[in-house]
Amino acid sequence: MKRTLTTLAAILLASAATANECSTGNTLTADTLTIATGNPAYYPWVIDDAPESGNGFEAAVAYAIAGKMGYDNAHVAWVRTSFDGAIQPGAKNFDFNLQQFSILPERAEVIDFSAPYYTTTKAVVVTTANGKDMTPATLSGMKGLKFGAGAGLSAATFLESAVQPMASTLLYDDVANTTAALQANQVDAVIFDLPTALFVTGVQMDNGKIIGQFPTDVNDSPDHFGLVLAKNSPLTACVDAALSALQADGTMATIEDKWLASGAGVPVIDMSK
Amino acid sequence: MSMPKLSLRGVKKSFGPLEVCKNISIDIQPSELICLIGGSGSGKSTLLRCINLLDPIDDGEILLDGVDISLPGYDPNPVRRKIGMVFQSFNLFPHMTVLENIKLAPMKVKGMSSAEITSQAQELLERFGLSDKADVYPDRLSGGQQQRAAIVRALAMEPEIMLLDEVTSALDPELVGEVLDVIRQLKTQGMTLMLATHEMSFAREVADRVCFLDDGKLLEIAPPEKMFTAPEHARTRQFLQRVLHRERLQ
Amino acid sequence: MSTDTNTARGKSPARGLTRRQVYERKAKQKSLIIAAVSLAAVVILIYIIVPLAPGWEGVKRSFFNWAVLTKTFPKMLSAFVLDLQLFFIAAPLIFALALIIALMRNVTSAALYPLRLFAIVYIDVLRSIPVILTIYLIGFGIPGLGLLPPYNSPYIWGTVALVLAYSAYIAEVFRTGIESIHESQRSAARSLGLSETSMMRYVVLPQAIRRVVPTLVNFLVALLKDVALLSFIGPVELLRQAGVYKSLFANFTPYVGAALIFLCATIPAIRFADYLMAKQNAERSR
Ligand SMILES: Nc1ncnc2c1ncn2[C@@H]1O[C@H](COP(=O)(O)OP(=O)(O)O)[C@@H](O)[C@H]1O
Ligand SMILES: [Mg+2]
């Protein structure tokens, strides 16, 4: 009896190993893929701050990638890191980390990025109460707005290069504070990635409205979100392979349809006016 | 006799349960020099502070030119213009030069112009041998000079009465003389003076009357010859014997 | 012959120094040399040992990245201008308000007791709340009441929050200063006929303030650093700008740069406070 169990275990281990030669021996813990998300992790990327459920776009993407790499749900472990925790020098406590990290060449000097798992535009949110509800949205209209944005979200740099607003931009630590500043009229408009903007206007704010998204052909736009791995991680290639397989077989599109609201109706800001 | 310059009538003062002035009455005539003597803690300083309205009295009255200044709620500041006071420990303001110390009150209280008071202050400083110290800060003065400066500062308000509280007690013996000279000068000019002192021979020399305070009671008032030769009370005799003996030893 | 005896008795023939001066000069040189040598030894040890740590290369890339520093430093310097502006607006307001509160805290007349009570509550409450919380509550809370631009600006309310928090601390500093002035100074002022107001203004406060200047300088240093807390409610000052760059470059070097800028601004002030303190001690012991 005991011998059969050991044999069974050996077979399971072997099957896990054979499932993806690529990652064997390179994960933090043998036979387990350790995945990091934010603390807390936000809707719609992770539902109810519970990535183990697989609910939410990033949670679902993480499990899909793990699956393709040969780790079933039982062989996935979740950890939490802040943005700083993800980029600090020294050994990482995750195999890969996903929390809407934009892929930027500057960042790529200290960490590895996977290929993009999601591409989004930045959207401008106003309150219908503040009289800044300008439609159609134009670049010149944007210049006159006082913007708020999350400090970690490359939005400040984007605004400076693409919009150059007259008033200096105010930056906040998280989505909640950014939204609060908009509601207190301390800023005229805030910038989020489109899924967050859809969530904020659809669920959090009564009078929130997306007046437009930036077109995909301006500087730093669109945003490509990538998984973060340790610099020169041997896993980067494995993750990329898994991602492209998932894209090819349509899994990524299915996950996106399931968890992210469609931004199809959101008008594009006219950058020529 | 003319109306007394200052009258104390049944003045009582306590600090909590401690009675410090027990029913003190005395009339002080214009230009009179009164010396208060008595042991340490007998209430000399407190009595002077009460007259200056620095401490409110509990009962009795203090009359200045016949006006009761001790009424509760009476504005003390006009009174203090007429009654100057100098303290035992030097109360010059250390952040001001001697001249600034002197000018402050005449300018802020009387509204005198800086020029007016400066020339007046220079005169006073000259008179009391401090003319070269006008622009010096107090910590650069000797104790005797500081005390003289403090007297000049009080005089600059042109008071009608001066209260001097042991102004020589904190001084080195060789500096006492110069301050006593100042007091002699004031007497010559006809200032009404009340001074608490331990300098018995000085009291004997200048006082018109000497008051012996004992445990808050005004035990005896007498001209100096009588006080120092034939005091009425045994307590006075004891006290004088003690201090005169000490004075002889020095 | 007589000069010879002089020399023997302790006059240095060369410079006319006393024997004591010669001795002290030598002792000072010696201690300087020892201090310099031991400092150099410590620096060299750090310089050799730290790079031996296995993670040094990573730390160097993430914290001491010259390329990142040069790219981010100019903009961080200009962000620091905002810190300085907020500081120079807040500091005088803080001193004025703190002085008013300290004076209210000091009133003795019964009729004005409500003022005193207010000052006590004000100081107690604001000193008990972490500055950052005061900034959040006032900087986000008050504009949220429905104030219209520009009166809901985080610059305004953030500054107000800083002024409130710091004035409570500094009011206490002023109060201890006022209370440290000996009662005899007040007696002397009163006996000259000065009103309570004049006494405060011309006699007590000048001495009290002089006495607390070193403490005040220390608080100013703390204030300059705490201005950075306003970044939590929006303004992009040095700390926030460094954070943006940190996030952009995924590198902590901008924080090191920010630390350097703060150092350069505050060290002179700290040294100045020490100097004042030493000077006061010397004066007091004279
Ligand atoms: N502000 C005060 N509070 C309480 N007790 C005091 C105060 N001032 C003086 N006393 C007390 O009153 C008594 C008389 O003091 P004081 O008038 O200074 O005496 P003297 O000047 O004759 O030495 C002493 O016992 C002293 O301790
Ligand atoms: Mg006394």
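The values are calculated or read from the model by the stated rules, or taken from the named source; none is laboratory data. Predicted, not measured: the structure shown is a model, and the values here were computed from it. Cβ sites come from the backbone with ideal geometry, for glycine too, and all protein chains shown count toward neighbours. Side chains included, ligands, DNA and RNA excluded: accessible areas come from the protein's heavy atoms. Shrake-Rupley method; radii C 1.70, N 1.55, O 1.52, S 1.80 Å.
Would you call B:Leu71 more than 16 Å from ligand 2 (Cβ to nearest atom), more than 15 Å from B:Met194 (Cβ to Cβ) and more than 13 Å from the chain's Cα centre (by Cα)? Even if it seems obvious, please write down each step before you answer.
On the way: more than 16 Å from ligand 2 (Cβ to nearest atom): yes; more than 15 Å from B:Met194 (Cβ to Cβ): yes; more than 13 Å from the chain's Cα centre (by Cα): yes.
Yes.
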Query raised in the report: If you go through the range B:90-98 one residue at a time, do you hit one that is open to solvent by 20 Å² or more (accessible area, probe 1.4 Å), assigned to a loop (DSSP other than H, G, I, E, B) and among the aromatic types (Phe, Trp, Tyr)?
Result: yes
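Would it be correct to say that C:Ile261 is open to solvent by 40 Å² or more (accessible area, probe 1.4 Å), among the aliphatic types (A, V, I, L, M) and away from chain A (no Cβ under 14 Å)? Explain how you work it out, then say what you get.
Details: open to solvent by 40 Å² or more (accessible area, probe 1.4 Å): no; among the aliphatic types (A, V, I, L, M): yes; away from chain A (no Cβ under 14 Å): yes.
Considered against the rule, which asks whether it is open to solvent by 40 Å² or more (accessible area, probe 1.4 Å), among the aliphatic types (A, V, I, L, M) and away from chain A (no Cβ under 14 Å), C:Ile261 comes out as no.
Which members of the range A:174-185 meet the condition of being within 16 Å of A:Ala197 (Cα to Cα) and either free of Cβ contacts under 8 Å to residues at least 60 places away in the same chain or within 7 Å of chain C (Cβ to nearest Cβ) (or both)?
Narrowing the range A:174-185 to residues within 16 Å of A:Ala197 (Cα to Cα): A:174-183.
Within the range A:174-185, A:Asp174, A:Ala176, A:Asn177, A:Thr178, A:Thr179, A:Ala180, A:Ala181, A:Leu182, A:Gln183 meet the criteria.
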Report summary line: Selection from the range B:99-117 of residues open to solvent by less than 40 Å² (accessible area, probe 1.4 Å) and at the interface with chain C (Cβ under 8 Å from one of its Cβ atoms) yields B:Leu104, B:Ala105, B:Val109
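Just give me the residues in the range C:48-77 being in a loop (DSSP other than H, G, I, E, B) and either at the interface with chain A (Cβ under 10 Å from one of its Cβ atoms) or closer than 17 Å to C:Ser247 by Cα (or both), in sequence order. Show your work before the answer.
First, pick out the residues of the range C:48-77 that are in a loop (DSSP other than H, G, I, E, B): C:53-55, C:64-65.
Within the range C:48-77, C:Pro54, C:Gly55, C:Phe64, C:Asn65 meet the criteria.
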Query raised in the report: Taking the range A:164-179, which residues are aliphatic (A, V, I, L, M) and surrounded by fewer than 21 Cβ atoms within 10 Å (Cβ to Cβ)?
Result: A:Met166, A:Ala167, A:Val175, A:Ala176
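The rows are residues; the columns are (1) away from ligand 2 (no atom under 16 Å from the Cβ); (2) crowded, with 18+ Cβ neighbours inside 10 Å; (3) more than 14 Å from every other protein chain (Cβ to nearest Cβ).
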site	(1), (2), (3)
B:Arg140	yes, no, no
B:Gln146	yes, yes, no
B:Ala150	no, yes, no
B:Ala154	yes, yes, no
B:Thr188	yes, no, yes
B:Phe202	yes, yes, yes
B:Asp215	no, no, yes
B:Ile221	yes, no, yes
B:Ala230	yes, no, yes
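Yes or no: C:Ile138 open to solvent by less than 60 Å² (accessible area, probe 1.4 Å), aliphatic (A, V, I, L, M) and over 26 Å from B:Pro76 (Cβ atoms)? Before the answer, list the steps.
Numbers: open to solvent by less than 60 Å² (accessible area, probe 1.4 Å): yes; aliphatic (A, V, I, L, M): yes; over 26 Å from B:Pro76 (Cβ atoms): yes.
Judged against the criteria, C:Ile138 is a match.
Could you look through the range A:147-161, keep only residues that are of a type outside the set (A, V, I, L, M, F, W, C) and not in a loop (DSSP other than H, G, I, E, B), and pick out the one that is farthest from the other protein chains (Cβ to nearest Cβ)?
So, considering only residues that are of a type outside the set (A, V, I, L, M, F, W, C) and not in a loop (DSSP other than H, G, I, E, B), the one farthest from the other protein chains (Cβ to nearest Cβ) is A:Ser161.
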Requested in this report: Test each condition in (1) open to solvent by 30 Å² or more (accessible area, probe 1.4 Å); (2) within 30 Å of A:Tyr63 (Cα to Cα) for A:Val239 and report the one that comes out false.
Outcome: (1)
Query raised in the report: Which one is least open to solvent (accessible area, probe 1.4 Å) among residues in the range A:254-266 that are without any contact (Cβ under 8 Å) to a residue 40 or more places away in the chain and under 17 Å from A:Ala59 (Cβ atoms)?
Result: A:Thr254
Report summary line: Of the candidates C:Val217, C:Val236, the one satisfying the condition of being touching a strand residue (DSSP E or B) at 6+ places or on another chain (Cβ under 8 Å) and either more than 9 Å from chain B (Cβ to nearest Cβ) or open to solvent by 40 Å² or more (accessible area, probe 1.4 Å) (or both) is C:Val236
Report summary line: Per the list (1) more than 30 Å from A:Ala167 (Cβ to Cβ); (2) within 14 Å of chain A (Cβ to nearest Cβ), residue check on C:Ala250 breaks on (1)
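Give B:Leu171, B:Leu175 a once-over and let me know the one that is in contact with a Gly (Cβ under 6 Å, 6 or more places away or on another chain), modelled with pLDDT under 90 and within 16 Å of ligand 2 (Cβ to nearest atom).
Testing whether each residue is in contact with a Gly (Cβ under 6 Å, 6 or more places away or on another chain), modelled with pLDDT under 90 and within 16 Å of ligand 2 (Cβ to nearest atom) leaves just B:Leu171.
Every residue in the range B:34-46 that is near ligand 1 (Cβ under 9 Å from one of its atoms) and either away from every other protein chain (no Cβ under 14 Å) or basic (Lys, Arg) (or both), please. Write out each step before concluding.
If we filter the range B:34-46 for residues that are near ligand 1 (Cβ under 9 Å from one of its atoms), which is where we start, we get B:36, B:38-46.
The answer is B:Leu36, B:Gly38, B:Gly39, B:Ser40, B:Gly41, B:Ser42, B:Gly43, B:Lys44.
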Query raised in the report: Hey, does the range B:78-96 have a residue that's within 16 Å of ligand 2 (Cβ to nearest atom), hydroxyl-bearing (Ser, Thr, Tyr), farther than 15 Å from B:Glu160 by Cβ and in contact (Cβ under 8 Å) with a residue 24 or more places away in the chain?
Result: yes
Query - Residue selected from the range B:51-79 under the condition outside any loop (DSSP other than H, G, I, E, B) and either within 16 Å of B:Asp215 (Cα to Cα) or away from chain C (no Cβ under 14 Å) (or both), by the criterion least open to solvent (accessible area, probe 1.4 Å) - result: B:Ile62
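Does B:Ile183 qualify as being away from ligand 1 (no atom under 16 Å from the Cβ), within 14 Å of chain C (Cβ to nearest Cβ) and β-branched (Val, Ile, Thr)?
Values: away from ligand 1 (no atom under 16 Å from the Cβ): yes; within 14 Å of chain C (Cβ to nearest Cβ): no; β-branched (Val, Ile, Thr): yes.
No: the conditions fail for B:Ile183.
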Query raised in the report: Which ones in the range B:6-23 are in contact (Cβ under 8 Å) with a residue 60 or more places away in the chain and open to solvent by 30 Å² or more (accessible area, probe 1.4 Å)?
Result: B:Glu19, B:Lys22, B:Asn23
Query raised in the report: Going by the conditions given, is C:Tyr166 open to solvent by 50 Å² or more (accessible area, probe 1.4 Å) and either assigned to a helix (DSSP H, G or I) or small (Gly, Ala, Ser) (or both)?
Result: no
Query raised in the report: When both residues are 6+ apart or on different chains and their Cβ atoms are under 6 Å apart, which pairs have a first residue that lies in the range B:147-166 and is at negative phi, and a second that is away from ligand 1 (no atom under 16 Å from the Cβ) and among the basic types (Lys, Arg)?
Result: B:Met157/B:Arg81; B:Pro159/B:Lys82; B:Glu160/B:Lys82
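May I ask you to say which residue of C:Leu126, C:Leu194, C:Leu147 is at pLDDT below 95, more than 9 Å from every other protein chain (Cβ to nearest Cβ) and surrounded by 16 or more Cβ atoms within 10 Å (Cβ to Cβ)? Before you say what the answer is, go through the steps one by one.
Numbers: C:Leu194 fails: more than 9 Å from every other protein chain (Cβ to nearest Cβ); C:Leu147 fails: more than 9 Å from every other protein chain (Cβ to nearest Cβ).
Exactly one of C:Leu126, C:Leu194, C:Leu147 is at pLDDT below 95, more than 9 Å from every other protein chain (Cβ to nearest Cβ) and surrounded by 16 or more Cβ atoms within 10 Å (Cβ to Cβ), namely C:Leu126.
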**Report entry** Which numbered condition B:Glu19 fails, given (1) away from ligand 1 (no atom under 16 Å from the Cβ); (2) over 21 Å from the mean Cα position of the chain (by Cα)
**Finding:** (1)
Query raised in the report: Residues in the range A:82-136 that are more than 13 Å from chain C (Cβ to nearest Cβ) and either under 16 Å from A:Gly152 (Cα atoms) or crowded, with 17+ Cβ neighbours inside 10 Å (or both): how many?
Result: 16
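Report the residue count in the range B:24-42 for those that are within 14 Å of ligand 2 (Cβ to nearest atom) and open to solvent by less than 10 Å² (accessible area, probe 1.4 Å). Spell out how you get there, then give the answer.
Step one: filter the range B:24-42 for residues within 14 Å of ligand 2 (Cβ to nearest atom), giving B:35-42.
Then drop every residue that is not open to solvent by less than 10 Å² (accessible area, probe 1.4 Å), which leaves B:35-38, B:42.
Looking only at that region, the number is 5.
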Report task. Mind listing whichever residues of the range B:50-102 are hydroxyl-bearing (Ser, Thr, Tyr) and touching an Asp or Glu at 6+ places or on another chain (Cβ under 8 Å)? Result -> B:Ser70, B:Tyr74, B:Thr97
